[in-house]
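Read through the structure below, which is laid out as structure tokens, and then see the notes.
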Amino acid sequence: MMASGNDGQKTSDNLVDIVRHLYPDALTRTYVVPPVHYNRVPYNKAKVPGTDQEVLVLPSSEQLQHQQGNIQADFAQRHVLHNLQQLGDSGKEVMFVVSELNFKDYLNKPFYAKHTGKLPKPGNLPKEYRHFGKQGDFDILVIHRKLGILVGEIKSVGKTEASRADTEVVKVIDKAVKQLDKCEVHARHMVSDITPSLTVRKTLFLPYVTRAQLQRILDDENNAKLQQAVCRSLGAPNTAKAVQLCCCSDQLSQTASYWHVTPAVLSQLSTWWQHRMACTLDTLLTDDKYLDIVARFVGPATTVSVPCYNGVRVEVRTAGQAVAELGRRLALLVLTLQQLDLMNRDPPRICLTGPPGTGKTVVLVLQGLRWLLQGHDVQVVSTIHGTQAAIRMVAGQLGMALSAHPTSPPTPGTVAVHKYDFYNREADVQQAVTDLLARVKDGQLHVLLDETQFANSVSGSRYTALVARLAESVPGLHLWAAGIVHIVIPPSLRPEPLTVPLRCAPSVLREVQTAVDRFTVHSYSDSGLSAPGDGPRVIRLSHHGNAHTGRWPVECRQCGQEVAAELRRLGVGSGGSNLSNCPTPLSYRDVFILTRSSELHDDIKDNAGQVMSRVSGVVRGLRDEGLPVCVLGRPDFIFNRARWERDVHDVAVAATDRVTVTYSCWVQGLERRVVVMLQGWDKMEDEGRSDARNDVQDRLLAASRCTTQLIMVDVPPLAVTTYHRDINNDDSCNNDNGDSRDKSKDH
């Protein structure tokens, strides 16, 4: 196993041991390596107007035209990999699916040279095969425990109307066959010392070419040479069999929804798999030999890297590393051309609207930094309890950006945080006006409002009153606000919709989109460019079964233990890796566990320190597994506001390395790489609401806080679920004061 020492890197001499550590289920399931396909995103660089802050900018439509080849190739790779993952999982196949592995990266680590120096490599092909050369890569390399090796070439021909002509397909297939032959030779050579006669098969992945089109092309008498080459390469007696051995669009999910692999698609895909692999067991391939082959292709001696926009390649082998790296890329300062143009125009008063994850808070922070560099004081205002974390994060980021800025002025402005409760106290509107007018300097006032709720039936009119009175009293008012809802914007603010998703992976976005479609929020728009990566599949757990207790997951100890197990599988809190060039591993502070259930709380104690009500079951389960947890529950909010506010600040700036378990409405504006969404209702807020309405709220408030890995804990319908009372977690004595709780409720 891997071990740490003072010399920095010490590993076992056995590469297989390291692979067993990286992939504990290597003999029982399918692994895709790298687990997430990373797209080649052609960012431009720019500086934010009024600052020297460098940001990345999405390319223009004209620039995208020159990137269509890479964009289509990335899409095809992602499409095929997703289907292969589903095929492996559904059929319980034991295999590794390796993608885009360059020959030069195979067993190329100098650190392991003493173990790999004499092994077969691309540079020492037998004499009769040297004409293939040592340069090349595997688009797809499947290492199957029982069936041997499959090498495949993925071609995106047919993705657009312009490339649908048969002549284009002929050229692409002709080139692909030559690449397949080279890959087969190299694959056989690389494992020749383990098992010289290992079965190696070949296939073409043509996700945008139908079988009928491929058959027509191969049967065309003008393509006789191509027909012979394809049949020979695939080992097919005729063109009909050759087509059967290729994976075409007929066997894959629909292009527009490639992530949705239906049972019908799986059936077609499985039929192709049966034909191509012939399901003939390779009796020479034992467990030990299988792991030895896997260790060579994805073990620490081989560079398993993914492309990055700045040319630096990062090694990504495991699911946790994939989540960490994709989360890092999604956290980069990226703007759209629209956002950059907005900052160039620099309007004094504006309200940014749009669905979650479209960069509204990022723009607020950059505008606030500009004001600070101009010497203006910036007032960051929270008007309800649910925005306190957001404004503390904004203030914290402004402070860090200013201190790190290379050209800070001698007397920059300062940041002040203001907290009010417009929802419960109408008098706070006048207090906010008084406090902010006292901050007017040289006839100007600079204010940031994040997570605004102008459309809220209770607090919306108070927001509007605040903005109107400030605009009336301060001609030099600069006020930038942001919120998801685009209706009922005060007339003194110009609405600016931001709809291009920037901050979360498409796999997460698809879950949030179902809520956006049912809410008064602008729909997402397509930038024409893929996200840095599609993201890992959503992990779905169920609050169901004999070991589960309570009506909702928040009450259930077993749910806590199952969530903890998933976090452990992602390597959360596992510390650093001894493998070089790997992403910084996920830490506990990268995780939110969110619910809207009013049953969430830590131990509730009386004045003598005696526990009156035990901590919520899900938290107990997490702590059973050794996870450090911070609970932001209602009791502290009601009875110990000072501690609650300290914890909110800690969570907002991620000061302490702990998993945060809290109400989803209290972390609006914040994001984490990993978010666990516990289905549940607030008894007071949700009375009379439909299940569909609560689902919308859960997705908008919880799922949208996730950038990369979403874990959803669902509750089956009550009629089909059996729950058991946990006598060790009996909260029946906990009966919070209803009036007190109602007065403090926060939407």
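Structure notes:
- For q = 0.16, 0.17, 0.18 Å⁻¹, Debye-computed log10 I/I(0) when each Cα of the stretch 338-403 counts as one equal scatterer: -0.57, -0.65, -0.73
- Likely footprinting exposure, L84, L342, fewest C-beta neighbours within 10 Å first: L342, L84
- Across the stretch 65-104, counting alpha-carbon atoms alone, Rg and Dmax equal 13.3, 41 Å.
- As a length-normalised measure over Cα pairs under 8 Å and 6 or more apart, the relative contact order of the chain settles at 14 percent.
- Phi-derived couplings, Karplus 6.51 cos²θ - 1.76 cosθ + 1.60 at θ = phi - 60°, listed residue by residue for the stretch 116-130: 10, x, 9, 7, x, 9, x, x, 10, 4, x, 3, 5, 10, 5 Hz, with x used for Gly and Pro.
- Projected over every direction and averaged, the convex hull enclosing the alpha-carbon atoms of the stretch 609-653 yields 3.9 nm².
- Global dimensions of the stretch 347-499 from alpha-carbon coordinates: Rg and Dmax equal 14.5, 45 Å.
- Total formal charge among the other residues, if their Cβ is under 14 angstrom from that of P585, Lys/Arg +1 and Asp/Glu -1: +2
- Where labels lie 7 Å past Cα in the beta-carbon direction, separation of T167 and S192 in nm: 4.1
- A Stokes-Einstein calculation at 4 °C with viscosity 1.567 mPa s, built on the Kirkwood radius of the chain over Cα pairs, returns a diffusion coefficient of 46 µm²/s.
- Taking every DSSP bridge with both residues inside the stretch 347-499, close to 5 percent are antiparallel.
- Available extension along the chain between D714 and D288 is 149.4 nm, counting 0.36 nm per residue and deducting the alpha carbon span.
- Leading residue at positive end of dipole, the chain (Cβ point charges), from A401, H144, L479: H144
- Computed magnitude of the charge dipole of the chain (debye, nearest 20; Cβ of K, R +1, Cβ of D, E -1): 1800
- Less than 5 angstrom separates the built amide H of D137 from those of F103, all sequence-distant by 5 or more or on a different chain.
- Summed side-chain charge close to V304 - residues other than V304 whose Cβ falls under 11 Å, Lys, Arg +1, Asp, Glu -1: 0
- Environment charge of W480, counting only residues whose C-beta is closer than 12 Å and scoring Lys/Arg +1, Asp/Glu -1: +1
- Ranked R693, R329, criterion: other C-beta atoms within 10 Å, fewest first: R693, R329
- DSSP-defined antiparallel bridges as percent of all bridges, the chain, nearest 5: 30
- Members of K104/K225; K155/K182; K178/K225; K134/K182; K175/K202; K127/K182 lying beyond 20 Å, as alpha-carbon distances in this model show: K104/K225
- From least to most packed, judged by other beta carbons within 10 angstrom and beginning with the fewest, C630, C183 follow the order C630, C183.
- The stretch 43-62-the stretch 615-637 distance, computed between alpha-carbon centres (Å): 42
- Largest first and in whole Å, the equivalent-ellipsoid semi-axes of the stretch 192-232 read 29, 14, 6, each the square root of five times a Cα gyration tensor eigenvalue.
Laboratory data are not the source of any read-out in this text; all were calculated from the coordinates shown. All figures in this text were calculated on a predicted structure; none of them were measured in a lab. Neighbour counts are summed over all protein chains in view; Cβ atoms, including those assigned to glycine, are modelled from backbone coordinates with ideal geometry.
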